[in-house]
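The values are calculated or read from the model by the stated rules, or taken from the named source; none is laboratory data. Quick caveat, the model's predicted, so the values are computed rather than measured. No Cβ is skipped: glycine too gets one built from the backbone with ideal geometry, and neighbour counts run over all protein chains shown. These area figures cover heavy atoms from the full protein model, side chains too; ligands, DNA and RNA do not enter into them. Shrake-Rupley method; radii C 1.70, N 1.55, O 1.52, S 1.80 Å.
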Amino acid sequence: MTATAARPRSFDLARAADYAAPGALVVVWVAFFIATPHFLTLSNIGDLLVASSILAVLALGQQFAVVVAGIDLSVGANLPWAAALLGATATAGVPLGLAILIAIAGSVVVGLVNGFLVGYLKMTDFIVTLGSLSVVSGITLLLTEGNTVAVSSSFLQAIALDGIGPVRWFWLIALAAAVLVWFTLFRTRAGTHLLAVGGGSDAALGSGIPVRRVRLAAYAASGLLCGVAGVMLVARNGGADPSLQTNYLLSSIAAVVLGGSSLFGGKASVVGSVTGAVLLTSLVNGFTIIGISQYFQTIAVGAVVLLAALLARFRK
């Protein structure tokens, strides 16, 4: 019996891609720690996590669209739409609680329209959500006349600035959203259907899964979390900016893909999406501290989006 030499294990690009976000986050934090003593301070990390909470909630919504092999480009307009609805209703004298519900409901309506067009009329998700991006942006500008709407609320200000001891409210909102999304995707029949449709809609339909309804629900969920992120954005900024949020749109997609999800659907990682959001926010935060121009920051975020698209090729 002859002995054979053991084959060297090949480098698994798919597995490496799954750990891109946490690995890159460690590298980025170490690099900024070396570059400046002001990055890894309790104050800055706290502010960084507050800022990343908005993107994390938005990315968790994007997760639903991506998991069914779709994409939601409308979040770039749906986010300021929710903010504008909150600003317009609150300044018109509507009670704040009701104004928040109206803002979130407005975002859900956008998601439902997207889901109906994609799921029931079988239109291409890219075209549908790109069209929604333009339509919703125009409606938002008409509602606000192109002006930022100031929102003065001690409640919203407390949500943005306060918390329970050292734990900020924004962190808890993002954590609650992450737990809810994780439970929905991995512990419920709805989540099984979402993953199945993303893995193969024909096979899912053959198994009796209502594919059209599942796609509708996925985009509605994306709209719901976009609305929550819009409320958080108003709380943090003290007003509603009606302009397109292209950076949030690109970053939400990049965070999901960097986190381990597949653009081809059927695979999701809630922790990965949140980690991707923290990574992208860390880049902008660190560049700002060390004085790098905001134009270079845009280039860096764009490069990360391209990296995310490259990583997607190695995932099944």
For this session: Given the peptides 186-192, 247-253, 97-103, arrange them by the average over their residues of other C-beta atoms within 10 Å, most packed first.
Result: 247-253, 97-103, 186-192
Problem set entry | Accessible area in square angstrom per residue, the chain, 1.4 angstrom probe | 49 Å²
For this session: Output the relative contact order of the chain, whole-number percent, from Cα pairs under 8 angstrom with separation of 6+ residues.
Result: 35 percent
Exercise. Taking the highest mean first, how do the peptides 107-113, 118-124, 162-168 order by number of other beta carbon atoms within 10 angstrom per residue?
Worked result: 107-113, 118-124, 162-168
Seminar exercise, completed: Applied in sequence order to the stretch 42-53, the curve 6.51 cos²θ - 1.76 cosθ + 1.60 (Karplus, θ = phi - 60°) yields integer Hz couplings, x standing for Gly and Pro, of 4, 5, 5, 5, x, 5, 4, 5, 5, 5, 6, 4
For this session: Quick one: grab the alpha carbon gyration tensor of the stretch 130-261, order the square roots of its eigenvalues as a ≥ b ≥ c, and give me rounded if a/c is under 1.5, else prolate or oblate depending on whether a/b is larger than b/c.
Result: oblate
For this session: Return the long-range amide H neighbours of GLY239 (sequence gap of 5 or more, or a different chain), with a cut-off of under 5 Å between placed amide H atoms.
Result: VAL151
Problem set entry | Hz values of 3J(HN,Hα) by residue in the stretch 86-101 - Karplus curve (6.51, -1.76, 1.60), Gly and Pro given as x | 5, x, 5, 6, 5, 6, 7, x, 5, x, 4, x, 5, 4, 5, 5
Seminar exercise, completed: Once the dipole of the chain is set up from charges on Cβ (+1 Lys and Arg, -1 Asp and Glu), the residue from the list ILE71, VAL50, ALA190 lying farthest towards its positive end is ALA190
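Let me know the charge dipole size of the chain about its Cα centre in debye, to the nearest 20, where only the beta-carbon of Lys, Arg (+1) and Asp, Glu (-1) is charged.
Working: 15 positive and 9 negative charges, 206 e Å.
So the dipole magnitude of the chain works out to roughly 1000 debye.
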For this session: Rank by packing, highest mean first: peptides 235-241, 259-265, 63-69, with packing defined as the count of other Cβ atoms within 10 Å averaged across residues.
Result: 63-69, 259-265, 235-241
Exercise. In deg cm²/dmol, rounded to 500, what helix-only [θ] at 222 nm does the chain give when every DSSP H run of at least 4 residues adds -39500 (n - 2.57) and the total is split over its residues?
Worked result: -24500 deg cm²/dmol
